[in-house]
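Enquirer: Below: one structure in structure tokens.
Every number here is computed from the coordinates shown, using simple stated rules; none is lab data. Quick caveat, the model's predicted, so the values are computed rather than measured. We place every Cβ from the backbone using ideal geometry, glycine too, and count neighbours over all the protein chains shown.
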Amino acid sequence: MAKEKKSAVKAATLAVSIALVTVFTTVVKIPTGGGGYLNCSDVAIAFIAYTLGPVTAFVAGGVGAALADAIGGYAQWVPITFVAHGLEGLFMALLLREGKREFGKNELWIRKLLAAIVCMITVAGGYFLLAGTFLYGYPTAAAEIPGNLIQSGVGAVLGFILSEGVKKAYPPVKSLSW
């Protein structure tokens, strides 16, 4: 594939990934006591991180989830969401990046488990620190931790399952990693 065509395909993949995260974030909204909401964004972010690489995961995770907040009337959460979900996608993708060699089966499962744990810590910790500092204080932010851990943990598992299915059905998807 010519370099220009490959770049255009990657840019289109990034745009679709942002839309995917936005839709997954807005389709299911479960309000929480702290003024935020639980959603399915982590399913899309984990899928993208595992399938499409760190650049796409960072941008799509941050922009897509923040865009959903802006559209949904949660403008005060936009910068916090951008940081928490952007870093979530970046960290997960970096842990799962294959590079020049393929992982052994055991190493891959260990990395998947580590990526899920990093996902959970990044989301719950990011929202705790940032919302606690900038929005409503640490006691209220602490009350949000269990919901964020569940949301991100379930999202990491479902995202990995979805990614495995897509990679089996369409192996060339690996070439879209960025």
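Enquirer: Any idea which of Ala57, Ala124 is farther than 22 Å from Ile30 by Cα, touching an Asp or Glu at 6+ places or on another chain (Cβ under 9 Å), of a type outside the set (Phe, Trp, Tyr) and surrounded by 21 or more Cβ atoms within 10 Å (Cβ to Cβ)?
Expert: Ala57
Enquirer: Among the residues of region 161-178, count how many are in contact with a Phe, Trp or Tyr (Cβ under 9 Å, 6 or more places away or on another chain) and closer than 22 Å to Ala66 by Cα.
Expert: So the count comes out to 0.
Enquirer: Is there any pair linking a residue in region 27-45 that is more than 18 Å from Ala141 (Cβ to Cβ) to one that is assigned to a strand (DSSP E or B) and not charged (D, E, K, R), with Cβ under 6 Å and at least six apart or on different chains, and which?
Expert: Every condition considered, the pairs that remain are Lys29/Tyr37.
Enquirer: So which of Val123, Val78 is in contact (Cβ under 8 Å) with a residue 60 or more places away in the chain, aliphatic (A, V, I, L, M) and under 20 Å from Thr140 (Cα atoms)?
Expert: Val123
Enquirer: Being under 25 Å from Ala8 (Cα atoms) and either among the aromatic types (Phe, Trp, Tyr) or touching a residue at least 40 places away in the same chain (Cβ under 8 Å) (or both) narrows it down to one of Tyr136, Tyr170, so name that one.
Expert: Selected residue: Tyr170, the only one of Tyr136, Tyr170 that is under 25 Å from Ala8 (Cα atoms) and either among the aromatic types (Phe, Trp, Tyr) or touching a residue at least 40 places away in the same chain (Cβ under 8 Å) (or both).
Enquirer: Just one of Val27, Val43 is surrounded by fewer than 21 Cβ atoms within 10 Å (Cβ to Cβ) and either of a type outside the set (A, V, I, L, M) or under 27 Å from Gly165 (Cα atoms) (or both); which is it?
Expert: Val27
Enquirer: When you go through (1) part of a helix (DSSP H, G or I); (2) surrounded by fewer than 21 Cβ atoms within 10 Å (Cβ to Cβ); (3) in contact with a helix residue (DSSP H, G or I) (Cβ under 9 Å, 6 or more places away or on another chain) one by one for Leu113, which number turns out not to apply?
Expert: All conditions are met except number (3).
Enquirer: Let me ask you something else. Restricted to region 10-24, and to residues that are among the β-branched types (Val, Ile, Thr) and buried (at least 16 other Cβ atoms within 10 Å of the Cβ), which residue is farthest from Glu88 (Cα to Cα)?
Expert: Looking at the filtered set, the residue picked out is Thr13.
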